[in-house]
1. Is one or more of the residues making up segment 283-305 within 30 Å of residue 417 (Cβ to Cβ), within 16 Å of the ligand (Cβ to nearest atom) and within 22 Å of the chain's Cα centre (by Cα)?
2. Going through segment 15-59 one residue at a time, which ones are over 13 Å from the mean Cα position of the chain (by Cα) and of a type in the set (Val, Ile, Thr)?
3. Given the conditions (1) of a type in the set (Val, Ile, Thr); (2) over 21 Å from residue 253 (Cα atoms); (3) in contact (Cβ under 8 Å) with a residue 12 or more places away in the chain, which single one is not true for residue 198?
4. Restricting attention to segment 202-217, report how many residues are within 11 Å of the ligand (Cβ to nearest atom) and more than 23 Å from residue 408 (Cβ to Cβ).
5. Tell me which of these residue 314 doesn't satisfy, since it passes every other one: (1) more than 16 Å from the ligand (Cβ to nearest atom); (2) of a type in the set (Ser, Thr, Tyr); (3) surrounded by 16 or more Cβ atoms within 10 Å (Cβ to Cβ).
6. Scan 427, 360 and give me the residue that is more than 30 Å from residue 227 (Cα to Cα), charged (D, E, K, R) and touching a helix residue (DSSP H, G or I) at 6+ places or on another chain (Cβ under 8 Å).
7. Working only within segment 118-127, note down all residues that are surrounded by fewer than 20 Cβ atoms within 10 Å (Cβ to Cβ) and either in a loop (DSSP other than H, G, I, E, B) or touching a Pro at 6+ places or on another chain (Cβ under 9 Å) (or both).
8. Within segment 226-247, can you find the residues that are free of Cβ contacts under 8 Å to residues at least 60 places away in the same chain, assigned to a helix (DSSP H, G or I) and not hydrophobic (A, V, I, L, M, F, W, C)?
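The values are calculated or read from the model by the stated rules, or taken from the named source; none is laboratory data. Computed from a predicted model, the values in this text were never measured in an experiment. In this analysis, Cβ positions are derived from the backbone assuming ideal geometry, glycine residues included, and neighbour counts consider all displayed protein chains.
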Amino acid sequence: MARKLVLIVVDGMTPAAFERAVEGGRAPALALLAAHGSYRRATSVFPSLTPVCLSSIATGSTPAVHHIPHLVWWHRDERRIVEYGSSFSALRAAGMAQSIADTIYNMNAEHLSRDAETIFETLENEGLVTAAVNITCYRGHTKHLPTLPWVTKAAYGPKRFFYYSLFESDRTGAPLAVRNRAAGSIDVYAAAVGRWLVTRDGFDMLAYYLSDFDYASHAYGPEGAEDVALERTDAAIQALIDSAGGADGFFERYAVVLLSDHGQTQVSRAAPLEAPLAAHADSIVVAASNRAGQVYLLPDARVDAPTIAHALDSEPSVDVTLWREGADAVARREREELRFRPHDDGWETSGDTSILDHPDALHRAWQALANPNAGEVLVSAAPDWEFVDLGGRHHAGGGSHGSLVEGDSIVPVVTVGLDADIERITDIAPALIGHASQAAAV
Ligand SMILES: [Zn+2]
């Protein structure tokens, strides 16, 4: 019989962390997956920020298609900031009630384009049962009411839907997710739900999202996270394996894909992206957080995209600025420019191609710029720098991500029992769907 599917997403785990974990014997569950499967590195999307990345993983499409542009963005039609949780202060600055509604409901119900089908929608259209644990891109066909009596708005997710104790399609006895974030209570919740689902073999495809590693990496840096959170992350994966009666039972029943959504790099400095653009404040909205920024031109703006990019020329926090000019995209770095546009299977370029020497950079930059919710100017942060968020917060002294640089952009991918060519995180959903349709044909 063809195997069912388990997709495990470990937020923010770098390939180096994964490789050390497997070799160092500190992560037996990760080592078990690596020993039974094949391992490679893949590239994330730009900006390499979780809402953008998880939407790309869950839909198999780029930001140009799924329309989620960043952790924070300017909603042109509603003339307001959307903030998915850069920090508690940023949520408060954007309006707490609005931000919570945007993060829990609107990201899926309104912001995520209908042109991008989620893996939950696709597989359930084929008659399969899908399950989601904590993944923020969850859109599905089944209406779920919240567990809290004073919250009454429904969300539409997969048949088996578990979201931070707020939505629970089944009573699993899992402890509350948000008891103690820093101590790993979110992944403890995920593990309890995962145990329940695997014990009952209650799905054809499970998306299992573990967020605590990224949280620790922001606080302690990408290497510090290995001491703080790696063993807990591993335990949450081990819980799935144990619930199937051990490795033999688990791999007999499931094909597995494990990856992270983006990397992380150490940052020691933070700057407000608004500061060098203060002269244009009446004409623009700046949305920045972590290691990526966006500048939106208001309808009556008295400034254009190249002028904004030039104004950022001497800003040490800025690595690359990007914008569209007609049929071209332009990348600017150290006062040099590269113009590019898709051509056949590759790119037509003019200028210095070393400006975009980051992984898969032309593709990622082009797809980010083609997102209708993106700013007119996109900014990728320089190594070691972060942009201060709306609430004035940053992670200097810890880790961050979001830029085009390699450390933020490359992720580890392990597949067990599933043959697929995976070079980008957008290759994951097609690989899972391909496996499921082969299984259906058997
Ligand atoms: Zn993060």
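1. Start the filter on segment 283-305 by keeping residues that are within 30 Å of residue 417 (Cβ to Cβ), which leaves none.
There is no residue in segment 283-305 that is within 30 Å of residue 417 (Cβ to Cβ), within 16 Å of the ligand (Cβ to nearest atom) and within 22 Å of the chain's Cα centre (by Cα).
2. First, pick out the residues of segment 15-59 that are over 13 Å from the mean Cα position of the chain (by Cα): 15-42.
Selection gives 22 alone.
3. If we test residue 198 against (1) of a type in the set (Val, Ile, Thr); (2) over 21 Å from residue 253 (Cα atoms); (3) in contact (Cβ under 8 Å) with a residue 12 or more places away in the chain, just (2) comes out false.
4. Qualifying residue count, segment 202-217: 0.
5. Of everything listed in (1) more than 16 Å from the ligand (Cβ to nearest atom); (2) of a type in the set (Ser, Thr, Tyr); (3) surrounded by 16 or more Cβ atoms within 10 Å (Cβ to Cβ), residue 314 misses just condition (3).
6. Details: 427 fails: touching a helix residue (DSSP H, G or I) at 6+ places or on another chain (Cβ under 8 Å).
Result: 360 is the single residue among 427, 360 that is more than 30 Å from residue 227 (Cα to Cα), charged (D, E, K, R) and touching a helix residue (DSSP H, G or I) at 6+ places or on another chain (Cβ under 8 Å).
7. Answer for segment 118-127, where residues must be surrounded by fewer than 20 Cβ atoms within 10 Å (Cβ to Cβ) and either in a loop (DSSP other than H, G, I, E, B) or touching a Pro at 6+ places or on another chain (Cβ under 9 Å) (or both): 121, 124, 126, 127.
8. Here is the first cut: in segment 226-247, the ones free of Cβ contacts under 8 Å to residues at least 60 places away in the same chain are 227-229, 232, 236, 239, 242-246.
If we keep only those that are assigned to a helix (DSSP H, G or I) too, we end up with 227-228, 232, 236, 239, 242-243.
227, 232, 242, 243, listed by residue number.
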